[in-house]
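Asker: Let me begin by handing over the structure; questions about it come next.
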Amino acid sequence: MKAFCLAIVLVVSMGARDASPPPAVVNVVAVHATNENRSQRHVDPAVEKVRSSISDIAEFDTFRPITDETVSAPFAQNTRVVLTPKYALFITPLGTGPRGQVRFSIVVQQPPKAGQSEPVNAISTTVLMPPDKPFRLRGLRWQGGELVVIVTLRR
Amino acid sequence: MSEGMGSMNKCRYISMLERWFDGESVEEDIRGHVEACSSCAAHLKQLQALRDAAQGVPRDEIASAQFLAFMAGIREGVTAPEPVRRPVWRLGWMAAAVLVLTFSLFWTVSGGPDAYEATVVESCSSDLEGATVSAYASDDGVMTVAVMVSVDEDSWGDDR
């Protein structure tokens with residue numbers, strides 16, 4: 001009888017372990033937006049897939065790729081994506097929504113300034129993100145322009 | 001002289017003979033005609049033989065108990081209410097109505113497709129000095145978190 005109960009406990013615990021959601025697959029694209037006084041807007045073919053996510057950015061005329069990385073982010077764990085030497089993105093799946101959404105903590109961090117020891121959170125946000133809908137971070141200064149980060153949850 | 005046609009079953013009295021044989025009253029003297037007409041006499045003989053043979057067949061009689069049950073069954077079939085039969089198209093309309101109602105309830109509860117298809121920003125902040133953070137959706141519906149920093153804050157030497 002004891003062995004039977006032990007077996008039930010093992011099966012239930014294994015089932016509970018299997019019930020934890022699988023890692024979230026996230027695509028992170030970083031685009032360097034600059035103003036080069038072009039007569040025509042230039043979007044590098046390498047960032048063509050996020051063209052619709054940057055089409056409304058009018059203050060810059062040139063868009064070049066910096067990072068395009070797809071990561072598998074386990075739940076409740078930080079997954080780091082290095083964007084530039086200045087910026088790193090930390091993405092942490094916190095939970096799931098009722099229709100396939102995933103709640104993420106997303107932090108873009110800068111290394112500590114001179115004389116300081118702690119990195120700085122340039123942006124820290126929590127979002128509930130449905131699959132295949134791009135989410136965008138803006139305003140991160142980078143080499144005379146701006147770093148635009150597009151984060152998309154894959155199914 | 002015979003009034004018949006002279007050949008078997010061709011006599012014009014044949015049909016009258018058959019009615020007479022069945023008991024109907026006829027205007028002619030059939031019995032007298034049969035005596036004179038060999039064709040009708042032969043036909044009458046056949047009819048009589050057929051009747052005799054039919055009467056020899058045993059009859060199944062319905063017992064009174066069976067008859068009562070039989071009549072009761074008929075009466076039940078006549079007086080019982082006709083089963084309600086819903087036409088197929090009516091069931092189709094009912095199914096469509098249920099679907100519309102279900103979808104409407106789902107739509108109402110969920111707030112429509114945009115309610116879950118859009119990214120929801122639950123919080124946003126920045127530790128940069130003098131920075132302001134805002135969340136908005138672009139014209140294309142891309143949810144955005146943007147940080148606005150002062151020029152002085154952008155003091156990392158390697159970014160320009």
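The values are calculated or read from the model by the stated rules, or taken from the named source; none is laboratory data. Small disclaimer: the values here were computed from a predicted structure and weren't measured. Don't worry about glycine lacking a Cβ; one is built from the backbone with ideal geometry, like all the others, and counts go over all protein chains shown. Note: areas computed on protein heavy atoms with side chains; ligands, DNA, RNA excluded. Shrake-Rupley method; radii C 1.70, N 1.55, O 1.52, S 1.80 Å.
Asker: Can we say residue B:114 is open to solvent by 90 Å² or more (accessible area, probe 1.4 Å), of a type outside the set (A, V, I, L, M) and at pLDDT 85 or above?
Answerer: The answer is no for residue B:114.
Asker: Only one residue in A:82, A:127 is open to solvent by 50 Å² or more (accessible area, probe 1.4 Å), aliphatic (A, V, I, L, M) and under 29 Å from residue A:59 (Cα atoms), so which one is that?
Answerer: A:82
Asker: Filter segment A:77-132 down to the residues that are hydrophobic (A, V, I, L, M, F, W, C) and under 12 Å from residue B:119 (Cα atoms) and list them by number.
Answerer: A:102, A:104, A:127, A:128, A:129, listed by residue number.
Asker: With the structure loaded, tell me whether residue A:41 is within 14 Å of chain B (Cβ to nearest Cβ), open to solvent by 60 Å² or more (accessible area, probe 1.4 Å) and without any contact (Cβ under 8 Å) to a residue 24 or more places away in the chain or whether it fails that test.
Answerer: Against the criterion (within 14 Å of chain B (Cβ to nearest Cβ), open to solvent by 60 Å² or more (accessible area, probe 1.4 Å) and without any contact (Cβ under 8 Å) to a residue 24 or more places away in the chain), residue A:41 does not qualify.
Asker: Hey, could you check segment A:89-118 for residues that are touching a residue at least 24 places away in the same chain (Cβ under 8 Å) and part of a loop (DSSP other than H, G, I, E, B) and say which is nearest to the other protein chains (Cβ to nearest Cβ)?
Answerer: Ranking the candidates gives A:99 first.
Asker: Oh, and also: Determine which member of the set A:51, A:64 is outside any loop (DSSP other than H, G, I, E, B) and either at pLDDT 95 or above or among the hydrophobic types (A, V, I, L, M, F, W, C) (or both).
Answerer: Of A:51, A:64, the one residue that is outside any loop (DSSP other than H, G, I, E, B) and either at pLDDT 95 or above or among the hydrophobic types (A, V, I, L, M, F, W, C) (or both) is A:64.
Asker: Another question, if that's okay. Which ones in segment A:124-135 are in contact with a Lys or Arg (Cβ under 9 Å, 6 or more places away or on another chain) and within 7 Å of chain B (Cβ to nearest Cβ)?
Answerer: Hits for segment A:124-135 are A:126, A:127, A:128, A:129, A:130.
Asker: Restricting to segment A:54-77, what's the tally of residues that are among the small types (Gly, Ala, Ser) and free of Cβ contacts under 8 Å to residues at least 12 places away in the same chain?
Answerer: Residues flagged as among the small types (Gly, Ala, Ser) and free of Cβ contacts under 8 Å to residues at least 12 places away in the same chain within segment A:54-77 amount to 2.
Asker: More than 10 Å from chain B (Cβ to nearest Cβ) and open to solvent by 20 Å² or more (accessible area, probe 1.4 Å): which single residue out of A:55, A:72 fits that description?
Answerer: Testing whether each residue is more than 10 Å from chain B (Cβ to nearest Cβ) and open to solvent by 20 Å² or more (accessible area, probe 1.4 Å) leaves just A:72.
Asker: Exactly one of (1) away from every other protein chain (no Cβ under 13 Å); (2) under 22 Å from residue A:53 (Cα atoms) is unmet by residue A:145. Its number?
Answerer: (1)
Asker: Where residues in segment A:1-48 are within 29 Å of residue A:94 (Cα to Cα) and polar (S, T, N, Q), which of them is modelled with the lowest pLDDT?
Answerer: A:13
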